[in-house]
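Only one structure is covered here, and it is reproduced in the block below.
Since every read-out is calculated from the coordinates, none of them should be taken as a lab result. Everything quoted here is computed from the prediction, not taken from an experiment. Every residue, glycine among them, receives a Cβ derived from its backbone with ideal geometry; neighbour counts consider all protein chains shown.
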Amino acid sequence: MSDAAARVADSAGNWVDTRAPLWARPYLRLSRLDRPIGSWLLLLPCWWSAALAAGVAGDASRLPLIIVLFFIGAFAMRGAGCTWNDITDRDLDARVERTRSRPIPAGQVTVAQAMIFLVAQALVGLVVLLQFNRFAIATGIASLAIVAVYPFMKRVTYWPQVVLGLAFSWGALMGFAVLLGRIDAAALALYAGSIAWVIGYDTIYAHQDAEDDALIGIKSTALLFGERTRRALAIFYGLAVALIGVALHLAAARWPAWIGLAAFAAHLAWQVARIDIGDSRLCLQIFKSNRDAGLLLFAGLLGSALLVAAGL
């Protein structure tokens, strides 16, 4: 086993490197708690859906608890997903400069240890899921099939970001499943809009590894779009805004939701204008900024739900 204190190349100087116990560091890195942006991006569609569904129900009393449960569940399941991804990609990660220092290819944990850790994280997610109704439980479990196949998609298609979008946007269905016990047309429109958003931001993320991916035969929308990435981002981000707008209309959302959507759209437009696919550091910065974009939309949706619940 290699030194657990050794740092991951693309995530150095964080709290895991400086404060976490040595024995825990490889596991915290497997779950990406040293860089929680992905957990936020998984969580935000859950929060959007919960707020939008609360507006449809006209009752925001359950929102605080659901927001907390979704937070715990998203961090646990994103950690499990990343651990699964690292297990399946361990040989590929060893051939990419940015990922070869991850815990499994670096020898900090064995595959067996990683599998045990994956199960532990999944059990936390299951405990959260069991707090909901039967329809929501079944809806949540259904997402596991997409999560399981995602790591293999980059080997067979230039569109693995679509599969990631299907998985990372599943929360857009969960809020309706939890609060209403059904999946409305508004939820489906929100889901589709979130998928388009994920395709956009993960294309930006994939440009960090484009050269290495091309050398080892890994496919992505970053390689597919290449110099046309700015145009592709404009299309997918435009679709995201339009489809989420359809969801707001179908859910009869109030004016704060539309302000949130406008702020979300402005942030995405800034990303398109700012992107430079040749600057890996900037790509990472813009990718991470999608948390802020998502929070702007959530704030609007929450304000709308509270207005409806108050009868205003």
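Values computed for the structure shown
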{"item": "Estimated FRET transfer efficiency when R0 is 35 angstrom, pair residue 133-residue 252 (beta carbons, to 0.05)", "result": "0.90"}
{"item": "Helix-only mean residue ellipticity at 222 nm for the chain, each DSSP H run of n ≥ 4 adding -39500 (n - 2.57), per residue, nearest 500", "result": "-22500 deg cm²/dmol"}
{"item": "Packing-based ranking, highest mean first, of 43-49, 16-22, 238-244, 152-158 given that Cβ atoms within 10 Å are counted", "result": "43-49, 238-244, 152-158, 16-22"}
{"item": "Region 125-137 - phi-based ³J(HN,Hα) in whole Hz, Karplus 6.51/-1.76/1.60, Gly and Pro as x", "result": "x, 5, 4, 5, 4, 6, 7, 9, 6, 4, 5, 5, 4"}
{"item": "Linear extension gain, residue 292 paired with residue 18, 0.36 nm per residue minus alpha-carbon span", "result": "96.0 nm"}
{"item": "Distribution of pairwise C-alpha distances over region 125-276, 5 Å bins, in %", "result": "2, 10, 16, 18, 17, 15, 12, 7, 3, 0"}
{"item": "Size of charge dipole - region 156-233 - debye, nearest 20, with Cβ of Lys, Arg +1 and Asp, Glu -1, no other charges", "result": "320 debye"}
{"item": "Stokes-Einstein translational diffusion, the chain - Kirkwood Rh over all Cα pairs, 1.567 mPa s, 4 °C, in µm²/s", "result": "65 µm²/s"}
{"item": "Normalised convex hull volume, region 28-152, alpha-carbon set, Å³ per residue", "result": "105 Å³"}
{"item": "Kirkwood estimate for region 93-198, i.e. one over the average of 1/r between Cα atoms, Å", "result": "15.8 Å"}
{"item": "Most mobile listed residue (61, 101, 169) in the chain, GNM with C-alpha springs under 10 Å", "result": "61"}
{"item": "Approximate spin-label separation residue 94-residue 310, in nm, with each point projected 7 Å along Cα-to-Cβ", "result": "5.9 nm"}
{"item": "Cα centre as origin, Lys/Arg/Asp/Glu Cβ charges: the chain dipole, Debye", "result": "300 debye"}
